[in-house]
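Please treat every number below as a calculation from the coordinates, not as lab data. Predicted model, so just to flag it, every value in this text is computed and none were measured. Positions of Cβ are backbone-derived with ideal geometry, glycine not excepted, and every protein chain shown enters the neighbour counts.
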Amino acid sequence: LATGPAGCPERRVLTQEAAAEVRRAVAALTPRCRGLLAALLSGRDLTYREIAGTLGISQGSVGPERSRCLGCLRRMLATEVGAPDPGGMER
């Protein structure tokens, strides 16, 4: 039986629950936001130009759209877990 913090059964359950909450929140995003976040987090180190081409949007929209999508995700997760907004800034 693991006794370290990572091996703590309660911590594992909380981590699994948090991951499930994030998956639910991402699933509730618009398809465009899901696609944008998937491209940004793909691990392929895509440029904004490549992401824009993939999504069929202008390169200049990638940053603002990313900000809107992350803000939406942040609000959903804050509602889900009752967490305060870091920095207190919402769009």
Rounded to two decimal places and with Rh computed the Kirkwood way over Cα pairs, what is Rg over Rh for the range 5-81? 1.09
Spin-label model distance (nm) - L14 vs S61, 7 Å beyond Cα toward Cβ: 4.1 nm
Defining a contact as two alpha carbons under 8 Å apart and six or more residues distant in sequence, what relative contact order in percent does the range 5-81 show? 31 percent
At L46 and R68, where each label point lies 7 Å from the Cα along Cα→Cβ, what is the point-to-point distance in nanometres? 1.8 nm
